[in-house]
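Let me begin by presenting the structure, written as structure tokens, before commenting on it.
Every number here is computed from the coordinates shown, using simple stated rules; none is lab data. Note that this is a predicted model, so its numbers are computed, not measured. Here the Cβ positions follow ideal geometry from the backbone for every residue, glycine too, while neighbour counts run over all protein chains shown.
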Amino acid sequence: MARGCLCCVKYMLFLFNLLFWLGGCGLLGVGVWLSVSQGSFATLSPSFPSISAANLIITLGAVIMVTGFLGCLGAIKENKCLLLSFFITLLLILLAEMILLILFFVYTDNVSENARQDLKEGLALYSTNNNAGLRNAWNTIQTEWHCCGVNGYTDWHTALQEKVVPDHCCQVIYQDCGRNATNQFWTRGCYKKVEEWLDDNKYLLGTIAMCVLVIQLLGMAFSMTLYQQIHRSGKKYEA
């Protein structure tokens, strides 16, 4: 009976982590593809130039792959050391998520103000050399989200030190349309548009967060259950 329970937990944990590992492979592949094909699409923040969509996805994919690998190998080999490593890894990730979430809610106003200020500083680099990534990022966001600047199109007047905006702020885009003051520009700031999107999708994002939490807790429960079953059955750890 005990051996049957051990096998059941073992293969459930293996299947769970196999899916986890495959998901990590997929994310890593998408991140590498973005990095290669969209290499000029960088970050909007001059303070954190390494934080781009591609780098974030690659990092997330790598962490998921390593975690899933530990779980898969630990389960199929019934290796207590690997299972414990898998449990500790998930626990550390969970604690880090909780700490970041608490800090975010405690310092929401400071985070928001610093983010706005940092983005405004990035606007000044829009027309400079060696900043094609930042320029492409702003062009794409302003076109797709129908917004202009951080708080509004006047942010560009301050950043560029003249009353012009990028062409992608125009509601009808054509060459040098941003220099024509009679044109209609998107009036909403991109930061506000992002806040509105987050508010509109808060239930979906909350559901996704809860699913991630449940997956992490299940992984920890399965790994510790299998660890205890192996320990009680007297199976020796093989280095």
Take the Cβ-Cβ distance between residue 66 and residue 232 as r, set R0 to 30 Å, and report the resulting FRET efficiency rounded to the nearest 0.05.
-> 0.60
Please report, in debye to the nearest 20, how large the charge dipole of the range 110-193 is about its Cα centre when each Lys and Arg carries +1 at its beta carbon and each Asp and Glu carries -1 there.
-> 160 debye
Dipole of the chain [Lys/Arg +1, Asp/Glu -1 at C-beta], most positive-end residue of 20, 119, 146 | 20
Sum up the charges of everything whose Cβ sits under 13 Å from the Cβ of residue 187, counting Lys and Arg as +1 and Asp and Glu as -1, but leave residue 187 out.
-> +2
In units of 2.2 N^0.38 Å, what is the alpha-carbon radius of gyration of the range 110-193?
-> 1.01
Stretch in the chain that is longest and holds no trypsin sites (Lys or Arg not before Pro) that DSSP places in a loop and that have at most 14 other beta carbons within 10 Å | 1-162
Per residue of the chain, what 222 nm ellipticity follows from adding -39500 (n - 2.57) for every DSSP H run with n ≥ 4, rounded to the nearest 500?
-> -24500 deg cm²/dmol
Which helices of the chain meet both criteria: a Cα extent of 30 Å or more along the helical axis and a mean Kyte-Doolittle score no lower than 0.5, with helices taken as whole DSSP H segments?
-> 2-37, 53-77, 80-106, 202-233
Using label points projected 7 Å from each Cα along Cα→Cβ, tell me how many nm separate residue 201 and residue 19, to one decimal.
-> 2.3 nm
Compute the Cα gyration tensor for the chain, then decide on rounded, prolate or oblate, letting a ≥ b ≥ c be the square roots of its eigenvalues: rounded whenever a/c is under 1.5, prolate when a/b is larger than b/c in the other cases, and oblate in all that remain.
-> prolate
In the range 140-239, which GluC sites (Glu not before Pro) are in a loop and have at most 16 other Cβ atoms within 10 Å, using DSSP for the loop call?
-> 162, 238
Among 212, 132, 70, the residue whose Cα sits farthest towards the positive end of the charge dipole of the range 57-214, when +1 is placed on the Cβ of each Lys and Arg and -1 on the Cβ of each Asp and Glu, is 70
